[in-house]
Amino acid sequence: MAGSTDTSGGARRPDALHSEPLRRDFADRDELVAYCRDVFPAAAEVDDHVSATRGGPCAAEARLAEVDPPRYGRTRNALDGAVTGLSPYLRHGVVGLAETRDLVIETAGSPRAAYKLLQELAWRDYYRRVLDDIGDDVWDDLEEWKTGYHADHYADELPEDFLRGETGNDFVDHTVHTLHETGYLHNQLRMKIAAYVVHWRRVKWQAGAAWMLSHLLDGDLASNNLSWQWVASTFGPKPYLFNEENLVKVTGGRLQGVGPGGQRPFAGSYDELNERLFERR
Ligand SMILES: Cc1cc2nc3c(=O)[nH]c(=O)nc-3n(C[C@H](O)[C@H](O)[C@H](O)COP(=O)(O)OP(=O)(O)OC[C@H]3O[C@@H](n4cnc5c(N)ncnc54)[C@H](O)[C@@H]3O)c2cc1C
């Protein structure tokens with residue numbers, strides 16, 4: 001049978017993939033998961049978690065039916081805000097961007113009432129267009145760093161404690177584990193973990209971008225890399241920073257950013273953090 005499970009018991013060779021169409025029918029989700037583990041052993045080695053997020057048009061329709069544009073506009077920055085969770089479906093073409101835009105306007109009653117959500121959908125479109133223009137250069141610094149440092153001041157690799165989610169900092173470890181377990185992060189956590197990697201650990205944004213891409217269900221070269229570059233300051237006017245007060249606010253107090261021995265790396269005003277983290281020229 002085309003795409004049937006390898007009965008030899010060994011891992012399926014990747015080249016076998018090219019000669020057989022993938023299976024589409026499964027008795028249940030467990031069978032689908034087992035099949036994916038078998039056919040994509042390299043992916044399972046990177047991350048063997050199975051996200052609770054369901055694929056397919058029914059799941060996407062259910063998400064679309066719950067979109068509440070005015071509430072989105074008011075609450076989207078909070079971790080428990082009314083974000084849509086549409087990104088995996090948009091990323092994989094289960095729903096289209098134009099279709100989503102039209103539905104959002106219809107639900108809200110007018111473009112004005114849906115303004116904030118339309119603006120975010122537009123960012124996705126914009127990043128795709130930039131990628132169309134620059135191609136593989138999306139992996140290069142698009143502008144000078146505005147941190148006072150040069151690219152060679154930043155490490156090439158992510159530190160092991162970070163990769164394992166064992167830094168001892170509640171915010172960092174929670175974010176790494178959430179990404180591993182769900183394949184999803186709220187936008188605020190994406191921005192903040194990127195800032196932590198680049199500005200607090202002083203690691204090249206490219207290492208962080210590649211790591212995040214390999215775990216996200218919505219992993220998208222355009223939105224991901226250009227957002228990392230924006231945080232780093234190589235695609236924007238200044239580095240993105242956050243402080244402890246802001247972290248506590250957007251997480252509703254669930255995450256404090258406190259590390260081993262009570263260290264508080266994010267504590268302080270933005271002026272103090274700028275002074276502490278960046279080189280003055
Ligand atoms: C460091 C970093 C990496 C990111 N990597 C990705 C990625 O790989 N894939 C991806 O789709 N998005 C990425 N984003 C953008 C954004 O975080 C996600 O699109 C959003 O969090 C997905 O959740 P949602 O569908 O609930 O978003 P909602 O807030 O409900 O937004 C609805 C849709 O609008 C679009 N959107 C929202 N915010 C943004 C944004 N800031 N930039 C571009 N499009 C946006 C997405 O298509 C999203 O599904 C990244 C952002 C940062 C800061």
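Laboratory data are not the source of any read-out in this text; all were calculated from the coordinates shown. All of these numbers come straight from a predicted model, not from anything done at the bench. Methodologically, a virtual Cβ is constructed for each residue, glycine included, from the backbone with ideal geometry; neighbour enumeration extends over all protein chains shown.
Please list 3J(HN,Hα) in residue order for the stretch 72-80, calculated via the Karplus relation 6.51 cos²θ - 1.76 cosθ + 1.60 where θ = phi - 60°; whole Hz, with x for glycine and proline.
4, x, 7, 10, 4, 7, 7, 4, 9
Name the residue from Leu226, Thr100, Gly55 whose Cα lies farthest towards the positive end of the charge dipole of the chain, charges +1 on Cβ of Lys and Arg and -1 on Cβ of Asp and Glu.
Final value for the positive-end residue is Thr100.
Near Asp220, within a Cβ-to-Cβ distance under 15 Å, what is the net charge of the other residues, with Lys and Arg +1 and Asp and Glu -1?
Values: positive: Arg91, Arg124, Arg128, Arg129, Arg190; negative: Glu120, Asp125, Asp132, Asp218.
For residues surrounding Asp220, the net value is +1.
Name the residues whose placed amide hydrogens come within less than 5 Å of the amide hydrogen of Val203, ignoring near sequence neighbours (fewer than 5 apart) on the same chain.
Here the answer is Ala155, Val198, since their amide H atoms fall under 5 Å of that of Val203.
Tell me, what HN-Hα J-couplings in whole Hz come from the Karplus equation 6.51 cos²θ - 1.76 cosθ + 1.60 at θ = phi - 60° for each residue of the stretch 127-132, using x for Gly and Pro?
4, 4, 5, 4, 4, 4
Give me the net charge for the shell around Leu131: Cβ to Cβ below 12 angstrom, other residues only, Lys and Arg +1, Asp and Glu -1.
Numbers: positive: Arg124, Arg128, Arg129; negative: Asp125, Asp132, Asp133, Asp136, Asp137, Asp220.
Residues close to Leu131 contribute a combined charge of -3.
Points 7 angstrom from Cα along the Cβ direction at Cys58 and Leu217: gap in nanometres?
1.5
Going by amide H atoms built from the backbone, whose H comes under 5 Å of the H on Leu241, apart from near neighbours?
The list, which skips near neighbours in sequence, is empty: none.
Considering only the other residues whose Cβ falls under 15 Å of the Cβ of Val46, what net charge follows from Lys and Arg at +1 and Asp and Glu at -1? Could the numbers behind the result be given before it?
Numbers: positive: Arg37, Arg164; negative: Glu45, Asp47, Asp48, Glu181.
Net charge around Val46: -2.
Please list the non-local residues whose amide H lies under 5 Å from the amide H of Gly257, H modeled 1.01 Å from N, same-chain partners needing a gap of 5 or more.
Asp170, Phe171
What are the ³J(HN,Hα) values, in whole Hz, obtained from phi via the Karplus relation 6.51 cos²θ - 1.76 cosθ + 1.60 with θ = phi - 60°, for each residue of the stretch 95-108 in sequence order, with x given for Gly and Pro?
Once rounded to whole Hz, the list reads 10, x, 5, 5, 4, 5, 4, 5, 5, 5, 5, 4, 5, 7.
Which shape class, rounded, prolate or oblate, goes with the stretch 151-277 when its Cα gyration tensor gives a ≥ b ≥ c as root eigenvalues, a/c under 1.5 marks rounded, and past that a/b bigger than b/c marks prolate?
Numbers: a/c = 1.40, a/b = 1.12, b/c = 1.25.
In terms of gyration-tensor shape, rounded.
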